[in-house]
1. Only Lys, Arg, Asp and Glu count, each charged at its Cβ (+1, +1, -1, -1), so figure out the dipole size of the range 32-152 about its Cα centre, rounded to 20 debye.
2. Multiplying the sequence separation of L69 and S147 by 0.36 nm and subtracting their Cα-Cα distance, what value in nm do you get?
3. Against the globular-protein guess of 2.2 N^0.38 Å, express the Cα radius of gyration of the range 56-120 as a ratio, rounded to two decimals.
4. For the chain, what proportion of DSSP beta bridges, expressed in % and rounded to the nearest 5, is antiparallel?
5. How large is ³J(HN,Hα) for each residue in the range 96-106, as worked out from phi by the Karplus curve 6.51 cos²θ - 1.76 cosθ + 1.60 (θ = phi - 60°), to whole Hz, x for Gly and Pro?
6. What's the local net charge at P103, with K and R +1, D and E -1, over the other residues with C-beta under 11 Å away?
7. Once both axes come from the Cα atoms, what is the angle between helix 227-236 and the longest principal axis of the chain, in degrees from 0 to 90, rounded to 10?
8. How tilted is helix 172-187 with respect to the longest principal axis of the chain? Cα atoms for both, answer in degrees (0 to 90, nearest 10).
Amino acid sequence: MPRQTRRPQRRAAAKPALPVSDRVRARIEAAGRRFHANDSIAEFIENEAELQALETEVASRMQAVLEALVIDTDHDHNTTGTARRVARMFLHEVFRGRYHPMPRVTEFPNAERLNELMIVGPITVRSACSHHLVPIIGKLWIGVLPSGKSKLVGLSKYSRIADWVMSRPQIQEEAVMQLADLLESRLRPEGLAIVLEADHFCMQWRGVKDESHMTNSIMRGAFLKNEALRREFLQLVRL
Ligand SMILES: [Zn+2]
């Protein structure tokens, strides 16, 4: 009876798979892109299953944070599911603007050649500061002066775009800049103005424990050159 010779096993023992966050990070680095807290990384997450795996990884690391805080999640019924809830909230709710792609927005040509100042707002803004991950809640106004070459979007789309940018750990000054860049690149307006007035809970809940509003504005194009237009906008948003 012929003897079967078995070749020595060439295959090395399976390496433990990299955490999914490392795989995503490696793709971003290979593309030479930035992944600060307020950057979208949605395009580097391959599919729904990978996003799900990322949620599981965040939940397990959040569990480690609770343990480091010496919270008895085994017996405290209030915190038993907290790690998973926080992971879901981060990835799919309060920071969804990092992990989910921008909502679909259909631009249409300015067929009527509208060229009057258009103001959208106040839009309620919900965000969180990058420094403490504590809420920032505010109101946003967007002024657009279209030209014949501009694209237009439906009014409700402004709040969806704003929400996508704000649903990330943010810095107020950078948030309005990101929103202005995005709207300019999509709409090509003659002028664009944004005002954001927000309460920072990291000032009220901790630190100086003071009521603290912060107002930021950004003026681009015609709003920079035309003072009457800028005044009209600021008067209409009552600031
Ligand atoms: Zn803060």
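The values are calculated or read from the model by the stated rules, or taken from the named source; none is laboratory data. These numbers were taken from a predicted model, which means no experiment stands behind them. Cβ sites come from the backbone with ideal geometry, for glycine too, and all protein chains shown count toward neighbours. With ligands, DNA and RNA removed, areas are computed over all heavy atoms of the protein, side chains included. Shrake-Rupley method; radii C 1.70, N 1.55, O 1.52, S 1.80 Å.
1. 640 debye
2. Computed gain between L69 and S147 is 22.5 nm.
3. On the way: Rg = 21.3 Å, N = 65, 2.2 N^0.38 = 10.7 Å.
It is 1.98.
4. Details: 30 of 32 bridges.
Percentage antiparallel, nearest 5: 95.
5. Running phi through 6.51 cos²θ - 1.76 cosθ + 1.60 with θ = phi - 60° gives 4, x, 8, 9, 10, x, 4, x, 5, 10, 9 Hz.
6. Residues close to P103 contribute a combined charge of +3.
7. 70 degrees
8. The angle comes out near 80 degrees.
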